[in-house]
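See structure below.
The values are calculated or read from the model by the stated rules, or taken from the named source; none is laboratory data. For clarity, every value in this text was computed on a predicted model and none was experimentally measured. Cβ placement follows ideal geometry from the backbone for every residue including glycine, while neighbour counts extend to all protein chains displayed. Note: areas computed on protein heavy atoms with side chains; ligands, DNA, RNA excluded. Shrake-Rupley method; radii C 1.70, N 1.55, O 1.52, S 1.80 Å.
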Amino acid sequence: MFWLRFSFRSCVRRRRKTVITLLGIAFGVAALIVLGAIMVGVNDTMVENAVSLWAGHLISEQGPMPMAEAVEQANARVSDARDDPSIEKVLPRCLFPGILKGDDPDKGTLPTELWLVDPEKESGTSPVPHSMVMGRYLQDDEQGILLGRAAASELGIKTGDRVTLTTSEGEYSLYVTGIFDTGVEALDRSVAFAPLSMHETFQESRVMVSAAIMCSPGADLEQVRDRLRERKTTPEAKIMVWQDKLPEVAQLVDLNAFAMQVVILLVVAILGFGVANALLISVIDRYRYYAILKAIGVRPSEVVTTIVGEAVLMCLAAGILGTLVGCALSLLWGQAGLDLSKYTSHNPHFSVNSVIHPRLTLAMALGPQALALVAAALASLWPAAVAAKRSVSSGMRDL
């Protein structure tokens, strides 16, 4: 404790150098916290966009099977999830492939996948209802389909027209109620939507049953998946987390996290060199001071303790200041949001929502401060060793 107080007095005695070093470290820690919150927010937006477009946080799949059985299984998915507190919503879907053709014989045909969905459930989660550019979204009591803008353009279709859907079981003439544009080429060109109430129209079709399961923020998806697998209502269903269905998004999230780790290590290394440089200059200025300490009986190990203590105290104060500033900025920015539409206009993972909200996590709030503290302690060992090894006689000659 004595040498800690001694280190504190050394810091206070050199106020100007201490304040400059402290502010530099605090700025680095605050910047890392804000960058980390932005990175987490980018990952959150990518995942939310991807799961709302295609899959859900959890995906239940089964089939192919007859349409009547598929509708029954789709309703069973909703019942399975009803009592799980981590599940917010289940979107039942029946999927089957077909070929679309318009009235214009010069336009040719287009392969598609028809999704039979519950319009009421989809409207609160899926971006399609909010991406309508012509017509209107699906109605439960309506016998019509939605097409993407890319598909409608290729077939020469507009709202109110009829298209022919050809499947392995037959041909169906369908009324186009609306056209959507999500900005995702694969969805706008290759997927069409119809209300689940139209299942009787496709009674002879064999379809896949899929359920997009939306979970509450922070839910442990693997635990929720295991609980669903233990239920016996739909034992044949394959239940996956979104990373299994969307490996390219999972890989992007991991890549962002790795890039952030590299940035953190580089900034912490720079902070360490800055602390080492500041302490080394301070030690050189105080050679005579340390020589006097050694002359009155202070051991070299105690000199090392004094200098390392200075670094730790400065970095601890700077870390607290930087953490407070960084957390405050991250929370304020998280409320306001950050619009990246200028930089993500061609990125399908931001086509639905390009506004990210930086999110502060415990690891990103405390990690930079802890790493900076360790880096400062390690960086101070070099100046401390220089002061401890210098002899009393050579130190006394330095005025």
Query raised in the report: Which numbered condition trips up Ala250, out of (1) modelled with pLDDT under 85; (2) open to solvent by less than 20 Å² (accessible area, probe 1.4 Å)?
Result: (1)
Requested in this report: Provide a single number: the residues in segment 102-124 that are farther than 21 Å from Glu185 by Cβ, under 33 Å from the mean Cα position of the chain (by Cα) and surrounded by fewer than 18 Cβ atoms within 10 Å (Cβ to Cβ).
Outcome: 3
Query raised in the report: If Ala186 passes every condition in (1) over 22 Å from Ser123 (Cβ atoms); (2) touching a helix residue (DSSP H, G or I) at 6+ places or on another chain (Cβ under 8 Å); (3) open to solvent by 10 Å² or more (accessible area, probe 1.4 Å) but one, which one does it miss?
Result: (1)
Query raised in the report: Residue check: is Gly63 assigned to a helix (DSSP H, G or I), farther than 25 Å from Gly183 by Cβ and of a type in the set (Gly, Ala, Ser)?
Result: no
Query raised in the report: Could you give every pair whose Cβ atoms fall below 6 Å, whose first residue belongs to segment 159-185 and is without any contact (Cβ under 8 Å) to a residue 24 or more places away in the chain, and whose second residue is not acidic (Asp, Glu), counting only separations of at least 6 or pairs across chains?
Result: Glu171/Thr164; Ser173/Arg162; Ser173/Thr164
Query raised in the report: From the list Glu88, Glu72, which one is more than 11 Å from Ala211 (Cα to Cα), open to solvent by 10 Å² or more (accessible area, probe 1.4 Å), assigned to a strand (DSSP E or B) and of a type in the set (D, E, K, R)?
Result: Glu88
Query - Hey, Arg77 modelled with pLDDT under 85, surrounded by 23 or more Cβ atoms within 10 Å (Cβ to Cβ) and not small (Gly, Ala, Ser) or not - result: yes
Report summary line: Per the filter on segment 364-383, residues of a type in the set (Gly, Ala, Ser) and free of Cβ contacts under 8 Å to residues at least 60 places away in the same chain are Ala370
Query - Residue selected from segment 131-167 under the condition of a type in the set (Ser, Thr, Tyr) and farther than 15 Å from Arg189 by Cα, by the criterion surrounded by the most Cβ atoms within 10 Å (Cβ to Cβ) - result: Tyr137
Query - Number of positions in segment 295-328 that are among the small types (Gly, Ala, Ser), surrounded by fewer than 21 Cβ atoms within 10 Å (Cβ to Cβ) and within 30 Å of Met364 (Cα to Cα) - result: 2
Report task. Test Leu221 against the criterion of being surrounded by fewer than 19 Cβ atoms within 10 Å (Cβ to Cβ), under 20 Å from the mean Cα position of the chain (by Cα), farther than 26 Å from Val78 by Cβ and not aromatic (Phe, Trp, Tyr), and give yes or no. Result -> no
Report task. Taking the residues in segment 357-377 that are modelled with pLDDT of 85 or more and farther than 19 Å from Phe27 by Cβ as candidates, determine which candidate is surrounded by the most Cβ atoms within 10 Å (Cβ to Cβ). Result -> Arg359
Query raised in the report: Name the residues in segment 52-69 that are under 22 Å from Ser205 (Cβ atoms) and either open to solvent by less than 10 Å² (accessible area, probe 1.4 Å) or in contact with a strand residue (DSSP E or B) (Cβ under 7 Å, 6 or more places away or on another chain) (or both), would you?
Result: Ile59, Ser60, Glu61, Gln62, Gly63, Pro64, Met65, Pro66, Met67
Report summary line: For Val262, the lone unmet condition from (1) modelled with pLDDT under 85; (2) out of contact with any strand residue (DSSP E or B) (no Cβ under 6 Å at 6 or more places or on another chain) is (1)
